[in-house]
1. Using +1 on the beta carbon of Lys and Arg, -1 on that of Asp and Glu, and nothing else charged, what's the dipole of region 1-84 about the Cα centre, debye to 20?
2. Once you've got the GNM for the chain with C-alpha springs shorter than 10 Å, pick whichever of Glu46, Glu102, Glu80 has the biggest mean-square fluctuation.
3. What's the local net charge at Asn126, with K and R +1, D and E -1, over the other residues with C-beta under 11 Å away?
4. Hey, can you find the accessible area per residue of the chain for me, probe 1.4 Å, expressed in square angstrom?
5. How would you classify region 122-163 from its alpha-carbon gyration tensor, with a ≥ b ≥ c the square roots of the eigenvalues: rounded for a/c under 1.5, else prolate if a/b is greater than b/c, otherwise oblate?
6. Would you calculate, for the chain, the mean residue ellipticity at 222 nm contributed by helices, counting each DSSP H stretch of 4 or more residues as -39,500 (n - 2.57) and dividing by all residues, to the nearest 500?
7. Add +1 for every Lys or Arg and -1 for every Asp or Glu among the other residues with Cβ under 9 Å from the Cβ of Leu28, and state the total.
8. If you count the DSSP beta bridges with both ends in region 1-83, what percent of them are antiparallel, to the nearest 5?
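The values are calculated or read from the model by the stated rules, or taken from the named source; none is laboratory data. What you see is a predicted model, and the numbers here were worked out from it, not measured in a lab. Using ideal geometry, Cβ is built from the backbone for each residue, glycine included, and neighbour counts are taken over all protein chains shown. Protein only, heavy atoms only, side chains kept; ligands, DNA and RNA dropped before computing areas. Shrake-Rupley method; radii C 1.70, N 1.55, O 1.52, S 1.80 Å.
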Amino acid sequence: MTNIYQFEAELLDGESKAFADYRGKVLLIVNTASKCGFTPQFSGLEKLYQQYKDQGLEVLGFPCNQFGGQDPGSNEQIGEFCQKNYGVSFPMFAKIDVKGPEAHVLFRFLTREAKGILGSHSIKWNFTKFLVSKNGEVLNRYAPATKPEALKEDIEKALAESM
């Protein structure tokens, strides 16, 4: 597996979404949580989405409750929280595991392609971010503390690259 297009995942509303639908787009994939110290990053992620969506950026949020039980709500509650508190309009997916034996295959792929600090494969906390090229290749991984606005230069570079 060399790109992201062979995967699919369930959206918050239960609809299955094929990643092949995102071919030709730059993706910013984030594991999220509603009750985390980094939760205010939803605002920055939404700003990036609004600023760059017409140029081909898709921000994809994946709620996860594996880190401190910080996203205990149902998919419906998560969607309402994100919309009401942060105006999230980018696609949000159904809650998944991003580490361990039940990790979603997408996150197994992402962590294999872009290792974390000290070469670690595992995701250490909420709001780990992955930037994916128009060709479906993982370009970079960003730590939870990296604010969305710090990714602008990398996003612009990825958007400018041809397929």
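1. On the way: 7 positive and 11 negative charges, 67 e Å.
That gives region 1-84 a dipole magnitude of about 320 debye.
2. Highest fluctuation among the options: Glu102.
3. +2
4. 48
5. On the way: a/c = 4.16, a/b = 1.61, b/c = 2.58.
Oblate is the answer for region 122-163, as a/c is 1.5 or above yet b/c matches or exceeds a/b.
6. Values: 4 runs with 42 residues, N = 163.
It lands at -7500 deg cm²/dmol.
7. Working: positive: Lys129; negative: Glu58.
The answer is 0.
8. Antiparallel: roughly 30 percent of the beta bridges in region 1-83.
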